[in-house]
């Protein structure tokens, strides 16, 4: 019954956690500042060290920051409409905020 081992597949970089990516990046000699990097930065560093070209179709984390900034602005506008008892406009802004939040989830 026994000496067979299951073949282990290596996860793709996108499916790895940030801690797994950090441990991988620490093994690469020229990479510094691993603990200060976020997941996207770690993936880019590992790819460049391995000689894998980056996929140009991916969106950057800067896009998420822009969306979140827009969400914060809309929240303040919504609060003013709630204070003015304008429920219709408050609901309109709430729906816009929800749409933007969904976009942030799809970006990464």
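The values are calculated or read from the model by the stated rules, or taken from the named source; none is laboratory data. Model, not experiment: these values are computed from the prediction. All Cβ positions, even for glycine, are placed from backbone atoms using ideal geometry, and neighbour counts span all protein chains on display.
With respect to the conditions (1) at pLDDT 85 or above; (2) over 25 Å from residue 99 (Cβ atoms); (3) surrounded by 14 or more Cβ atoms within 10 Å (Cβ to Cβ), residue 27 lacks only one, and its number is (3). Cβ separations smaller than 7 Å between residues 6+ apart or across chains give the following pairs from the stretch 51-69 residues that are closer than 29 Å to residue 28 by Cα to residues that are outside any helix (DSSP H, G or I) and modelled with pLDDT under 85: 64/108.
Of 11, 96, 39, 58, which residue is in contact with a helix residue (DSSP H, G or I) (Cβ under 9 Å, 6 or more places away or on another chain) and modelled with pLDDT of 90 or more?
96
Only residues that are part of a helix (DSSP H, G or I) and closer than 30 Å to residue 14 by Cα were counted across the stretch 90-108, and they come to 12.
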